[in-house]
Amino acid sequence: MSETITVWQVLVVLLFPLLGGGFVMLWTRGSEQWSAIDGLRREVSELKVEIERNFVRTDVLRMLEARLDDRFDRIDLKLDRLLPAKS
């Protein structure tokens, strides 16, 4: 009996198990990376919410500054009318 090794025997015994093991290894490692990426996304979104709570946008600050300027101008006019001008 001659014991010849066929291509199918090599594929079944060596190559398919190695490829399957490699696939499983990459699959589990990939799922760990995706879960880490999801955790980072969650942290970034929480940080964005915290920043929105603590900081004010520039357009809101400009509007507030304009309102304060108007109020101070009105106070200044009232004081000018009430107090006589020193010349």
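Read-outs throughout are calculated quantities, based only on the coordinates presented, and are distinct from any laboratory measurement. What you see is a predicted model; the values in this text were computed from it and never measured. Glycine also receives a Cβ, built like all others from the backbone with ideal geometry; neighbour counts cover every protein chain displayed.
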DSSP-assigned coil residues among chymotrypsin sites (Phe, Trp or Tyr not before Pro) in segment 1-76, each with at most 13 further Cβ atoms within 10 Å: F55
Tally Lys and Arg at +1 and Asp and Glu at -1 over the other residues with C-beta under 13 Å from the C-beta of G39: what net charge comes out? -2
Measuring from the longest principal axis of the C-alpha atoms of the chain, the long axis of helix 16-54 (C-alpha) lies at a number of degrees, nearest 10, equal to 10 degrees
For the chain, the longest stretch holding no trypsin sites (Lys or Arg not before Pro) located in a DSSP loop with at most 15 other Cβ atoms within 10 Å is which? 1-56
Where Rh denotes the Kirkwood radius from the mean inverse Cα pair distance, what is Rg over Rh for the chain? 1.77
Taking the dipole about the Cα centre of the chain, with the C-beta of Lys and Arg at +1 and of Asp and Glu at -1, give me whichever of V56, M25, A36 is farthest to the positive side. V56
By how many degrees, between 0 and 90 and to the nearest 10, does the Cα long axis of helix 58-82 differ from the longest principal axis of the chain? 10 degrees
By how many nm would the segment from E65 to W34 grow when fully extended, if each residue of separation counts as 0.36 nm and the alpha-carbon distance is taken off? 6.6 nm
